Structures are given as C-alpha cells and as structure tokens.
Amino acid sequence: MLATLLEPCASNQGTFIATPGFLLIRGPTKPARMPGLAFSSLLPGLRFPLAFQLTCMRTLAGAPLQCAGYATNSDLTAGVSDTRSDGTVLRFYKTVGVRLEEQQGGYQVTLDGRPLKTPARKPLVLPTYALALAVAAEWEWQDARRIRPFTMPLMSLAATAIDQPKPRPLVIQALSQYLQTDSTCCRHEPGPLADRQALIYNPILSWARHKFGADFAVTTSIFGAEHAPAASAQVEQYLHGLDAWRLTAVEALAGACRSVLMGLAVMHGKMGVQDAIAAARLEEAWQVEEWGLVEGGHDIDMADISVRVAAPITFLRLLPPQQSQTKHQQRPGETQHSATPR
C-alpha cells in the first residue's frame, strides 16, 4: 500500500521516498541517478521496504485530485496548447534539474535549463532542496510523450502555496467554519460504528483540547456540533499563524479527511499516514465490512484517498521548520532559508 511508504521502517533493504504519483528514490546503498536529475538521500531517518505495489498510484487517471487550490487536471497546464480531454498534454521538455536561487531564498526546478513557473507565471521556488527534488521527480517521471498532471500532487500543492488562487483570509474562514461539521465531532448514533468512531476520533479531540485550551463539542445531530466561540477563535488564530506552505497542506488534509482538527493533528505528527488514511475512511471501511466491496467503486476510492492524504503529509515532511508565526502573510518565495543541498 502507498501508505506504508511514508512510515519509518527498520528495513535495511533500501531507502525509498515516493510521491503519491511516482517513486522518487530507490537504491540499496547508493542514491539512484535518473536522466537529467541526480538524487540524494532526502530524509535519512525514514526508510521504506522494497516490496510494494505502485498500481494504486497509477489507477487515478482521469480522477483529478481535489487537493488545495489547483484541483483540476488542466490547472497545472494552463496556457499550454495541445491539451487532451483526459487532461494530458504533450511533453515539451527532455531534462529536469534543480538549482539554488540564493536571491529568492530557495531552490528552483528547471525544465531543459529554464525555470519552471506556476500557473500564475510565478517562479516555482521551493524552500528546501528535498521538496525541490520531489517536485522535480514528478516532472522527470512523466511519460516520454504525455504529461499527466493528475500524477503530480506535490506540484499542485507547491503551486497553490505560491499562487494562493484563493485569498488567504477566505481559506482560513472556510476552515474555521468547517469545524461545525468536523468528522471528529459528528458521530453516528450509539452502536458499533459510533464505538469505532470514539476509538479513532477521541484521541484527536483530546489532543486538540489540550493544544488549543478549548472544548470541542461532540454531537449526533445532522446539523453539526455547536462549539464554544472560544474554540473556533483559537483554531482560527492558529491558522493565521501558519505559513502559506503549511496552510495549503492543512487545507488539503482537511478536505481529504473531512476534518480540520485531523489535518492539524497530522501536521503535528500525532497521526501517521496509515492512521490518517484509516481515520479518513472510517465510515466507508465500516460499510465495506457490512455490505462488501464494490469493485470499481470502493477500490478506486481507497486509492484516491490514499493519494489525497499521503501527498500533503509528504509535502509537510519536506518543509523546513516554520520560522515564525509573525510571517504568515509573507509569500513563500520571499521567505529566507539557510538550507543547503545534502
């Protein structure tokens, strides 16, 4: 499963780092080299087993990710001619690279030596060498003839963080309002499903109550939970303190998991990838157990949610530590970082 790729593992078989679209790095002892782009170990503390299936990563053709701001297949290839109805476009480059941009305080991805830009035509300058390599790999591993934007979730997240197609205040307002119907707070009527929800969701609520110093209500009402004003205010204030990179990832996680609190818990390392996917699919998994799996339905949904959860978690793990909560209005490309290539 895709989720296992991002969990720490004591295996000595090799080191793997993968995007939800493509494998990034492979090698039993040495970094792998791919045409046009040299890779090095990005996260030495994370090691992954060799045996896994990539089929779930490639079965999403035609199923665009509802991830952050750029949610459609055509968003990342805006302005490019020869776009097919399936969202693919003609590959227009041969080599991919990464170079340091000291003046902009980050790392620039290049295609045939030319700077890669966002859909808003802004330079795609990333805050860490690791994240730049990950985005570059998504471009490198495209088909020799066609580009499939739906296999580039990290590029989508990075472009969204830089361009901010949806104004930041509106993103924070929407996330704050989403608390009323947060999946961790809205439960099924008493029974087996409610017991499973309590087992998974209660630890998240306990963490949130301790983190924000406020109580979050739990309800079985279809109209959502009535939280104390202080609870919503604390979450909103915290969201204002996030930089654009982390806010983009939290927004994507909140949409995938139907929970702002779960997205924040994942960002703080309180949930791993597999735990987050299991929590996001809790009700659907229960239905499958009760009524069986529908081929071509549940299995595609499982692959889709795996990508939508794993992508922002990968994105978060490749970011540098947040420098200051007073810089939340600064553009990503304007933030200065001292990271150097490994």
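Throughout, read-outs are computed from the coordinates displayed, never taken from laboratory work. No experiment lies behind these values; they were computed from the predicted model shown. Virtual Cβ from ideal backbone geometry, glycine too; neighbours counted across all protein chains shown.
Note on region 212-295: along the principal axes its Cα atoms extend 43, 31, 18 Å, ordered by decreasing extent. Per the Debye calculation on region 107-184 with a single equal scatterer at every Cα and no solvent contribution, log₁₀ I(q)/I(0) for q = 0.13, 0.14 Å⁻¹ amounts to -0.51, -0.57. Roughly how far apart, in whole Å, are the Cα centres of region 94-159 and region 207-267? Result: 31 Å between the Cα centres.
If only the Cβ of Lys and Arg carry +1 and only the Cβ of Asp and Glu carry -1, the dipole of region 168-331 around its Cα centre is close to 920 debye. Listed by Cβ neighbour count within 10 Å, with the fewest neighbours leading, Tyr129, Tyr93 appear as Tyr93, Tyr129. For region 168-331, the equivalent ellipsoid derived from the alpha-carbon gyration tensor has semi-axes of 27, 20, 13 Å in decreasing order. I'd like to know which of Val273, Tyr178, Ala230 lies farthest towards the positive end of the charge dipole of region 168-331, counting +1 on Cβ of Lys and Arg and -1 on Cβ of Asp and Glu. Among Val273, Tyr178, Ala230, the one farthest towards the positive end of the dipole of region 168-331 is Ala230.
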